[in-house]
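Got a structure for you, questions after.
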Amino acid sequence: MRKHFLSTIALLVMVVLAAGSVDTGTSSTSSPTPSSSPPSTSSPSTPTSKWYQGGTLHNKSALDWQNASADDKLATCGDFVTKMWQNGDLKPSIENNLSTVDDVRPYARELVTFLDAAFKLDPDPEQNRKLFTNQTVSGTAAIGMITMGWTK
């Protein structure tokens, strides 16, 4: 059982790290989509409505997360959830709820909430640095998705 759990964590960390390769540029072809069928947005796209673009925290530390904008956090978590969806690593009960970019957003928000709690700023700057320098956003996101029961 322990070996299976550790293997699952290792797989998820690799998948989440790979999410850093998801293109979140400004072109219309860069939206996070599963490889099987591109999701459509529910309204016309405008630069301000593309919540899923611009995530930069994939390979960053918890310290970077603490200083990041809410938009960056949401876009990064959108990439993580989308990559898990693309790879078929989410439970069917979640996968069956996803067909558009906007369907990913509530899960991305929930993951942001998890990471915000996990990386809560310690009031002592030195202690905060010690606690969070070596904690990665991707690794903790993988743990969060496992903890919340999203993975197969």
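The values are calculated or read from the model by the stated rules, or taken from the named source; none is laboratory data. What you see is a predicted model, and the numbers here were worked out from it, not measured in a lab. Every residue, glycine as well, gets a Cβ built from its backbone with ideal geometry; the counts of neighbours run over all protein chains shown.
So is Ala108 of a type in the set (A, V, I, L, M) and crowded, with 23+ Cβ neighbours inside 10 Å or not?
Taking the combined requirement at face value, the residue satisfies it.
Can you name the residue in segment 111-136 that is out of contact with any strand residue (DSSP E or B) (no Cβ under 7 Å at 6 or more places or on another chain), over 23 Å from Asn96 (Cβ atoms) and of a type in the set (A, V, I, L, M, F, W, C) and is also surrounded by the fewest Cβ atoms within 10 Å (Cβ to Cβ) among such residues?
Ala117
Quick check, is Val101 modelled with pLDDT under 95 and of a type in the set (A, V, I, L, M)?
Yes; evaluated as a whole, the condition is true for this residue.
Just to be sure, is Lys83 in a helix (DSSP H, G or I), crowded, with 18+ Cβ neighbours inside 10 Å and of a type in the set (Lys, Arg)?
yes
Can you name the condition, by its number, that Leu57 falls short on among (1) surrounded by fewer than 20 Cβ atoms within 10 Å (Cβ to Cβ); (2) touching a residue at least 60 places away in the same chain (Cβ under 8 Å); (3) not in a helix (DSSP H, G or I)?
Only one criterion in (1) surrounded by fewer than 20 Cβ atoms within 10 Å (Cβ to Cβ); (2) touching a residue at least 60 places away in the same chain (Cβ under 8 Å); (3) not in a helix (DSSP H, G or I) is unmet by Leu57, namely (1).
What are the residues in segment 137-152 that are surrounded by fewer than 17 Cβ atoms within 10 Å (Cβ to Cβ) and not in a helix (DSSP H, G or I), if any?
Met148, Gly149, Lys152, listed by residue number.
Right, something else. Would you call Asn134 within 13 Å of Leu63 (Cβ to Cβ), assigned to a helix (DSSP H, G or I) and over 14 Å from the mean Cα position of the chain (by Cα)?
Taking the combined requirement at face value, the residue does not satisfy it.
Right, something else. Of these, Leu115, Leu121, which one is in contact (Cβ under 8 Å) with a residue 40 or more places away in the chain, over 18 Å from Lys50 (Cα atoms) and not in a helix (DSSP H, G or I)?
Residue meeting the stated conditions: Leu121.
Is at least one residue of segment 72-81 farther than 14 Å from Trp150 by Cα, touching a residue at least 60 places away in the same chain (Cβ under 8 Å) and charged (D, E, K, R)?
Yes - at least one qualifying residue is present in segment 72-81.
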